Amino acid sequence: MTPRLVPVFDLDGTLLDSDEALVQAFVVLGVPRDRIGFGEPVAEACERFGVPLETYVAAYDPALVQPYPGVADLLAGLGRWAVCSNKHPSAGALDLARWGWHPDVALFSDAFGWAPKRLDLVLEALGLGADDVLFVGDSEHDVAAARTAGVRFAPARWNPRAARLEGDVLVSRPQDLLAWC
């Protein structure tokens, strides 16, 4: 029988199709589109581009963000779940509130000292061990966070960018996670 795991999700690019909103905020501030990547902590990206963090957050347009198809149904079918994201906490909290999502734990960039996300802090907040959770993400940063914490990883392959990532659990649609969680 498949073990029941508590899913921990990255937010942008995993639960939310937010790539354009993330990119557009930098573009309107003068950053060339082809220099913008995904997954790094927001404060690091802002520093690299010479953009004040709060200016970037003000330029972020949540109206450009939508959940990936099937995500709302997935979350409605879960018991416990969490979010571990490099997103700015105010934007992350607004996104969760906008969609009416209530994870047991939601940690954003400030919880990690504006450094890369750390799953050990999420595990501690959930009161669980590495063998009890599955981290679902869309970037190499997410793979690294999972490996550092010794947590199983599932690439969010409903995001075409994540299709190339290797994982311990392979799913192609959000609903496929219900077999594990």
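With the structure loaded, tell me whether Ala93 is under 25 Å from Ala163 (Cα atoms) and either in contact (Cβ under 8 Å) with a residue 12 or more places away in the chain or assigned to a helix (DSSP H, G or I) (or both) or whether it fails that test.
Values: under 25 Å from Ala163 (Cα atoms): no; either in contact (Cβ under 8 Å) with a residue 12 or more places away in the chain or assigned to a helix (DSSP H, G or I) (or both): yes.
No, not satisfied.
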> If you check Ala58 against the conditions, is it farther than 22 Å from Gly77 by Cβ, out of contact with any Phe, Trp or Tyr (no Cβ under 8 Å at 6 or more places or on another chain) and assigned to a helix (DSSP H, G or I)?
Replying inline: yes
With the first residue restricted to the range 35-52 and required to be under 13 Å from His141 (Cα atoms) and basic (Lys, Arg), and the second required to be surrounded by 13 or more Cβ atoms within 10 Å (Cβ to Cβ) and modelled with pLDDT under 85, Cβ contacts under 9 Å at 6 or more apart or on different chains are none
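I need the full set of residues from the range 83-106 which are closer than 17 Å to Val133 by Cβ and either surrounded by 22 or more Cβ atoms within 10 Å (Cβ to Cβ) or assigned by TED's automatic domain parsing to the domain that holds Glu44 (or both), in order please.
Just the residues of the range 83-106 that are closer than 17 Å to Val133 by Cβ, to begin with: 83-85, 103-106.
Those that are closer than 17 Å to Val133 by Cβ and either surrounded by 22 or more Cβ atoms within 10 Å (Cβ to Cβ) or assigned by TED's automatic domain parsing to the domain that holds Glu44 (or both): Val83, Cys84, Ser85, Ala106.
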Just to be sure, is Ala72 surrounded by 15 or more Cβ atoms within 10 Å (Cβ to Cβ) and either of a type outside the set (Lys, Arg) or in contact (Cβ under 8 Å) with a residue 24 or more places away in the chain (or both)?
yes
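Please enumerate the residues belonging to the range 66-90 that are part of a loop (DSSP other than H, G, I, E, B) and under 13 Å from the mean Cα position of the chain (by Cα).
Residues of the range 66-90 part of a loop (DSSP other than H, G, I, E, B): 68-70, 77-81, 85-88.
Selection gives Tyr68, Trp81, Ser85, Asn86, Lys87, His88.
If you check Ser172, Ser85, which single one turns out to be hydroxyl-bearing (Ser, Thr, Tyr) and touching a residue at least 60 places away in the same chain (Cβ under 8 Å)? Outline the logic, then answer.
Working: Ser172 fails: touching a residue at least 60 places away in the same chain (Cβ under 8 Å).
Result: Ser85 is the single residue among Ser172, Ser85 that is hydroxyl-bearing (Ser, Thr, Tyr) and touching a residue at least 60 places away in the same chain (Cβ under 8 Å).
Could you go through the range 11-21 and let me know if any residue there is in a helix (DSSP H, G or I) and surrounded by 16 or more Cβ atoms within 10 Å (Cβ to Cβ). Spell out the reasoning first.
Applying the first criterion (in a helix (DSSP H, G or I)) to the range 11-21 yields 19-21.
Subset that is surrounded by 16 or more Cβ atoms within 10 Å (Cβ to Cβ): 19, 21.
Among the residues of the range 11-21, at least one is in a helix (DSSP H, G or I) and surrounded by 16 or more Cβ atoms within 10 Å (Cβ to Cβ), which makes the answer yes.
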Across (1) surrounded by fewer than 15 Cβ atoms within 10 Å (Cβ to Cβ); (2) under 15 Å from Val83 (Cα atoms), Lys117 clears everything bar (1)
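The values are calculated or read from the model by the stated rules, or taken from the named source; none is laboratory data. Predicted model only: the values in this text are computed from it and were never measured. Methodologically, a virtual Cβ is constructed for each residue, glycine included, from the backbone with ideal geometry; neighbour enumeration extends over all protein chains shown.
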